[in-house]
Amino acid sequence: MTEYSFTIDPGSLIADSWIHTLRGTKLGIIQHMTLNGDEDPIVFPTVASWQADVVLSPGTNTFYIQGTDVVDNETETLKVEVVLDEYETEIHEVYSDLSKHALQQGLTRLPGEKNIYLYRRVLDTPYYPSATNYEGLVEAISRDLGLTLYRNAFAIHVNRDTYLEPLSESATLEITAAEILVDADELQIANETHKTDPGFNGFYLNYEPRYESDVELFTRDYSKIGTDRYRVHLYDRKVVFEDDSYNMQWIRVRYNYRTSIPVTGNLAGLKTQLEAIQVGGQNLFTVTLLNDSLPVEGLSHRERLVLTTDDEELKWAQVQIYNLHDKRFRASLLNSFGGGYGTKLEAWAGTIAKRSKFGWGAVILDVDSWDPLYKRRDNAGIPHLWDAYRGHWECANPDDTGRYTYSDYTGHSGHCPEHPDKLLRYVGVEAWEWHSGIGYGNDLLVTGIDTQ
């Protein structure tokens, strides 16, 4: 056949929906028709008509229609184009009783969120409350973004010894992006070696110790160095020897409480490494894996998690908040020795020091101290860092019994005014005794004493 023997309704070439019907007429001799080579879409409501339901995409949609008669003679192929205007989906939210409960919890429905998922987020609120601390921010952001599918990676607790006493009374974890630091008084790990810098007769530690007594030093042949031969500056992680006996020598460092596990691989690997830590020949922890399908990257960063013989669940979240005081950024400002000398950080600190008596995360003793800002009728007061408490510096020379000030220390570059070959050392309140506020957790904790 040389003619189409069928027609298409011009009105069916105009579309306003992605579900559309093409239709037209045909001669009685036409027994079969195909749409893009397929017979299934085309039906014949009457002997003289045809139609086909099609699904359109935004833009131009092209179709090829052909007919055959009873002896399989084919018509010419008719090409038709149907244009569907570009459109944007629109979410219509219906306010419901569930929406009211969500608003009471400070939640709004996410675009396209179904009731079941909004309901789960509403139930999540009292168990994982929002707060202005680290954990509260993780909970709030995870919930507000609808990322509360998983909450816990594994449970961990401290084992007991044969006398049913905890193997450690002070076991803690610190989880960073790179490692899990395990802290327990009973641990003894040797993991650092440094060469003494003749510039200041010392070196910088890789980690910030809790207390000066937590760090032990050994010579290269593992001979222990007496604690009277060196001083540990907690705030800037600096070790300084009292004399030149160890100048340019290699020194081994042992933290009496800390080991580390790299955060790599999967949670099952972390479980194995945590359970391998021993105290007195016994495994310190028991770890129960709650979900082995989760990647380690979601393990929530924690600055200090205190562990007991009761299970503590380590949280997993798809949202990660790095340290509120970004330690990685702070480390990028330091020199190769881990100190701030000769860097932009030192210049910035000098500018701040000229305008304020207070240092970043530290107090300058004999300059700053606690003092009630005001008192209530019950005589309770809010502590405030205000004026001078007289801590003092003393000379390493036992014959020098003088009590020196911070100004003496800075004016003589840390050396005794009467004995320049000896160093001044601070005597007084330690860093852990100072808290610069009454905030939640460690958000206002003073981490060191500024003696520089």
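The values are calculated or read from the model by the stated rules, or taken from the named source; none is laboratory data. Quantities reported herein were computed from a predicted structural model and do not represent experimental measurements. When we count neighbours, we look across all protein chains shown, and the Cβ atoms used for this are built from the backbone with ideal geometry, even at glycine.
The figures follow:
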read-out	value
Qualifying residue in the range 193-206 (condition: touching a residue at least 40 places away in the same chain (Cβ under 8 Å), of a type in the set (Ser, Thr, Tyr), crowded, with 16+ Cβ neighbours inside 10 Å and touching a Gly at 6+ places or on another chain (Cβ under 6 Å))	yes
Filter result (assigned to a loop (DSSP other than H, G, I, E, B) and aliphatic (A, V, I, L, M)) within the range 216-228	Ile225
Qualifying positions in the range 4-16 - within 60 Å of the chain's Cα centre (by Cα) and closer than 18 Å to Thr62 by Cβ	Ser12, Leu13, Ile14, Ala15
Any hit, the range 6-21, residues being among the aliphatic types (A, V, I, L, M), in a strand (DSSP E or B), surrounded by 14 or more Cβ atoms within 10 Å (Cβ to Cβ) and not assigned by TED's automatic domain parsing to the domain that holds Pro111	no
Test set (1) in a strand (DSSP E or B); (2) closer than 19 Å to Leu181 by Cβ; (3) of a type outside the set (Val, Ile, Thr) - Arg231 fails condition number	(2)
Long-range neighbours under 7 Å by Cβ, at least six apart or interchain, first residue touching a residue at least 24 places away in the same chain (Cβ under 8 Å) within the range 127-138, second part of a helix (DSSP H, G or I)	Ser130/Gly136; Ser130/Glu139; Ser130/Ala140
Flag if Asn247 is surrounded by fewer than 18 Cβ atoms within 10 Å (Cβ to Cβ) and at pLDDT 85 or above	yes
Count of the range 156-201 residues which are part of a strand (DSSP E or B) and within 25 Å of the chain's Cα centre (by Cα)	12
Boolean, Val182 is modelled with pLDDT under 85 and farther than 30 Å from Thr25 by Cβ	no
Number of positions in the range 128-164 that are crowded, with 16+ Cβ neighbours inside 10 Å and of a type in the set (A, V, I, L, M)	6
Complete set of residues in the range 262-277 that are aliphatic (A, V, I, L, M) and farther than 17 Å from His157 by Cβ	Val263, Ala268
Residue in the range 52-77 that is farthest from Leu13 (Cα to Cα), counting only those that are more than 58 Å from the chain's Cα centre (by Cα) and surrounded by 16 or more Cβ atoms within 10 Å (Cβ to Cβ)	Asp69
Residue list for the range 69-83, restricted to those being touching a Ser or Thr at 6+ places or on another chain (Cβ under 6 Å) and of a type outside the set (Ser, Thr, Tyr)	Glu74, Glu81, Val83
Strands (runs of 3 or more DSSP E) wholly inside the range 282-323 that include at least 2 residues being crowded, with 17+ Cβ neighbours inside 10 Å and among the hydrophobic types (A, V, I, L, M, F, W, C)	285-289
Complete set of residues in the range 265-285 that are over 20 Å from the mean Cα position of the chain (by Cα) and on the phi > 0 side of the Ramachandran plot	Gly280, Gly281
Ser213 assigned to a helix (DSSP H, G or I) and not charged (D, E, K, R)	yes
